[in-house]
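**Q** Below are the structure tokens for one structure; questions will follow.
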Amino acid sequence: MEVQITLTKLIKPSAPTSTHLRILKLSPVDQIQYSIKPSALLYYSADGSAGAEEVERRINRLETSLSETLTRFYPLAGRYIEDGNWIDCNDEGVEYFVAKVKGCRLSEVLSRRDEMIDQLSHLAGGEFTSPVLSIQINMFDCGGLVIGIRVSHHLFDGFSAACFITSWATASRNGGIDDHEVISPTFNLTSFLPENDLRLPKMKPKPPLMGTDNGVTKRIVFDGAKISALRAISHDPSFPRKPSRVEVVTALVWRARMRVSLAKHGRLRTSLAALTMDLRLRIVPPLPPSSCGNLVSMATARFVAAESGDGNTEVPVPVLEVPELKILVGLLIDSMTKSKETVVTPEDAFPTLLRTRNELYEAVEKGEVDVFMFTSWCNFPAYKIDFGWGKPVWMSRIHSGFEAATFLDTEGGDGIEAWLSFNKQEMPLFLQDEDILAFTSQEAL
């Protein structure tokens with residue numbers, strides 16, 4: 001697959017941003033994010049009626065509607081000022097690429113998804129550039145389109161990115177931003193999250209990113225039937241509710257990673273599973289989904305691998321077996337339930353988030369506890385994002401330097417795609433884990 005960039009330009013808002021909105025001070029939560037631009041790719045199959053003129057019309061519609069949408073999402077057209085932790089909303093513009101994909105039809109990419117993972121990064125430009133938002137429109141000779149989107153984590157979390165993408169698609173589909181369906185976002189999280197708070201613990205240094213040299217990304221798929229089976233075998237009558245599909249998949253991946261750690265260290269270690277959660281609905285009073293920025297906390301489940309004596313000596317005997325799946329599911333349910341039921345005031349939001357992150361960062365720094373990160377994009381309406389010519393047939397990630405498992409819905413909505421960015425040396429052992437082999441499909445390992 002050869003990707004040729006044919007156009008590079010900056011897309012500015014269709015109307016200038018008001019002077020009083022020029023400076024957007026980043027919230028404390030925004031400031032502690034990694035300096036990365038996470039990506040999402042949306043794939044639209046070729047339409048038999050989409051000739052060269054129609055494809056050109058669609059490209060023009062994307063550009064026009066993007067410019068209009070930026071009048072509401074104006075910080076995305078600005079520039080991140082690292083020294084002052086703010087966004088200069090100067091309307092300098094969004095980085096915008098148009099590319100032609102040669103030597104490959106979109107149907108070939110879709111039929112060889114796992115083989116193509118290493119090449120997907122070519123469909124999402126702007127990873128290391130200064131604009132807050134980078135967009136790449138990829139045209140295949142067959143008429144298929146792939147829209148690659150990257151947005152700075154200093155400005156948006158995944159929930160805010162979803163808010164922008166759906167708004168842009170609505171504006172494109174309906175012919176402008178005057179439609180009542182287009183979201184009017186707010187950018188006032190700083191007022192909810194006081195920065196100069198004497199109660200705040202000191203922020204511990206962030207662990208270094210895994211990078212491309214040490215890490216690798218793979219994709220495995222849990223279909224709906226396998227997830228239903230997992231939910232059945234992992235449920236226990238003592239649980240307060242039935243486990244969700246995300247919880248059972250998280251538990252299975254957690255357990256497989258425990259086995260990898262056991263093989264590496266010769267004993268089972270205590271481990272933490274941390275799953276991201278949107279704080280907007282937990283804050284009292286709740287914030288609307290259109291509150292843009294970073295407002296994500298962690299629900300953390302801990303499994304303690306307690307060593308014991310062998311009955312004849314006081315010398316500890318290391319644990320050599322991973323726990324049952326039910327145990328991990330129970331820990332996750334307990335953690336998620338407590339996190340959702342905990343009332344968070346705006347004043348407590350940042351201290352709560354900071355304490356959770358410090359716990360994780362400290363565990364990583366000491367190296368005595370395994371920390372496994374999980375992010376779920378499930379229930380994000382990716383397969384309803386219609387720019388005016390139909391819904392996508394796939395949504396994907398690309399390789400990430402952040403060691404984590406990210407969950408996406410399958411096209412049918414009942415399965416889960418797990419995008420796994422792990423250490424290169426550990427990934428082969430993980431993919432051959434007995435549970436992973438039993439409950440997933442893998443096109444190419």
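**Q** Taking the Cα atoms of the range 288-441, what is the range of coordinates along each of the three principal axes, in descending order and whole Å?
**A** For the range 288-441, the Cα extents along the three principal axes come out at 73, 45, 28 Å.
**Q** Considering only DSSP beta bridges with both partners in the chain, what is the antiparallel share in %, to the nearest 5?
**A** Details: 56 of 73 bridges.
Counting DSSP beta bridges with both partners in the chain, the antiparallel share is about 75 percent.
**Q** Using a 1.4 Å probe, what is the accessible area per residue for the range 1-137, in Å²? Provide the component values of the computation, followed by the final result.
**A** Numbers: 6050 Å² over 137 residues.
Value for the range 1-137: 44 Å² per residue.
**Q** Accessible area of the range 1-107 with a 1.4 Å probe: how many percent of it is carbon plus sulfur?
**A** Values: 2340 of 4810 Å².
Summing carbon and sulfur atoms, their accessible area is 49 percent of the total for the range 1-107.
**Q** State the Cα centre-to-centre distance between the range 227-251 and the range 386-429 in whole Å.
**A** So the two Cα centres are separated by 21 Å.
**Q** Something else now. Quick one: angle between helix 325-341 and the longest Cα principal axis of the chain, in degrees between 0 and 90, rounded to 10, please.
**A** That helix lies at roughly 60 degrees to the long axis.
**Q** Which lysines does K384 reach when only Cα atoms under 16 Å apart count, and residues fewer than 8 places away in its own chain are ignored?
**A** Result set, ordered by chain and number: empty.
**Q** I've got another one for you. What is the angle, in °, between the Cα long axis of helix 346-366 and the longest principal axis of the Cα atoms in the chain? Nearest 10 is fine, range 0 to 90.
**A** Rounded to the nearest ten degrees, it is 60.
**Q** Another question, if that's okay. Among the listed pairs K37/K424; K37/K100; K226/K326; K340/K391, which have their C-alpha atoms separated by more than 25 angstrom in this model? Walk me through the intermediate numbers first.
**A** Working: K37/K424 22 Å; K37/K100 23 Å; K226/K326 16 Å; K340/K391 32 Å.
Cα-Cα > 25 Å for K340/K391; rest within.
**Q** Give me the net charge of V364's neighbourhood, meaning all other residues with Cβ under 11 Å from the Cβ of V364; Lys, Arg count +1, Asp, Glu -1. Numbers along the way, then the final one.
**A** Working: positive: K204, K206, R357, K366; negative: E359, E362, E365, E368, D370, E403.
Every neighbour counted, the sum reads -2.
**Q** Charges on Cβ only, +1 for Lys and Arg, -1 for Asp and Glu, centred on the Cα centroid of the range 1-49; of I5, S45, V29, which one is farthest towards the dipole's positive end?
**A** V29
**Q** OK, next. Lys/Arg Cβ at +1, Asp/Glu Cβ at -1, dipole of the chain taken about the Cα centre: which of T69, F350, S14 is farthest positive-ward?
**A** F350
**Q** A further question on this structure: Helix-only estimate, please: 222 nm mean residue ellipticity of the chain, summing -39500 (n - 2.57) across DSSP H runs of length 4 or more and dividing by its residues, to the nearest 500. List each step's numbers first, then the result.
**A** On the way: 12 runs with 134 residues, N = 445.
Roughly -9000 deg cm²/dmol at 222 nm, from the helical runs in the chain.
**Q** Under 20 Å from the Cα of K102, which aspartates and glutamates turn up, not counting those fewer than eight places away in the same chain?
**A** Here the aspartates and glutamates satisfying the reach criterion relative to K102 are E2, D47, E53, E54, E56, D114, E115, D118, D141.
**Q** Restricting the calculation to Cα positions, tell me the Rg (one decimal) and the Dmax (whole number) of the chain in Å.
**A** Cα only, the chain: 22.7, 82 Å (Rg, Dmax).
**Q** Ok, one more. Per residue, how large is the accessible surface of the range 207-311? Use a 1.4 angstrom probe and give square angstrom.
**A** Heavy-atom accessible area per residue stands at 41 Å².
**Q** If you don't mind, there's one more thing I want to ask. Report the Cα centroid-to-centroid distance between the range 128-184 and the range 347-381 in angstrom, as an integer.
**A** Result: 27 Å between the Cα centres.
**Q** Helix 52-69 against the longest principal axis of the chain: what's the angle in degrees, Cα atoms only, rounded to the nearest 10?
**A** 70 degrees
**Q** I would also like to ask the following. Average the reciprocal distances over every distinct pair of alpha-carbons in the range 1-141, invert the result, and give the Kirkwood radius in Å.
**A** Values: mean 1/r = 0.0595 Å⁻¹.
Radius from the Kirkwood sum: 16.8 Å.
**Q** Mind checking which of S107, S421, S376 has the largest fluctuation in a GNM of the chain, springs on alpha carbons under 10 Å?
**A** For the chain, modelled as a Gaussian network with Cα springs under 10 Å, the answer is S107.
**Q** Ok, one more. What is the dipole size for the chain, taken about its Cα centre, with +1 at each Lys and Arg Cβ and -1 at each Asp and Glu Cβ, in debye to the nearest 20?
**A** 280 debye
**Q** Based on the alpha-carbon gyration tensor of the range 1-80, what equivalent-ellipsoid semi-axes (square roots of 5 times the eigenvalues) come out, in whole Å, largest first?
**A** They are 31, 19, 11 Å, listed from largest to smallest.
**Q** What is the sum of charges, Lys and Arg at +1 and Asp and Glu at -1, for the other residues whose Cβ falls under 11 Å from the Cβ of N90? Please report the intermediate quantities before stating the final value.
**A** Working: positive: K12, R22, R79; negative: D88, D91, E92.
Residues close to N90 contribute a combined charge of 0.
**Q** Which of V296, V322, V151 moves the most in a Gaussian network model of the chain with Cα springs under 10 Å?
**A** With Cα springs under 10 Å in the chain, the top fluctuation among V296, V322, V151 is at V322.
**Q** Something else: Restrict the search to the range 261-310; then list the trypsin sites (Lys or Arg not before Pro) that DSSP places in a loop and that have at most 14 other Cβ atoms within 10 Å of their Cβ.
**A** R267
The values are calculated or read from the model by the stated rules, or taken from the named source; none is laboratory data. Quick caveat, the model's predicted, so the values are computed rather than measured. Every residue, glycine among them, receives a Cβ derived from its backbone with ideal geometry; neighbour counts consider all protein chains shown. The accessibility values were calculated without ligands, DNA or RNA, using every heavy atom of the protein model including side chains. Shrake-Rupley method; radii C 1.70, N 1.55, O 1.52, S 1.80 Å.
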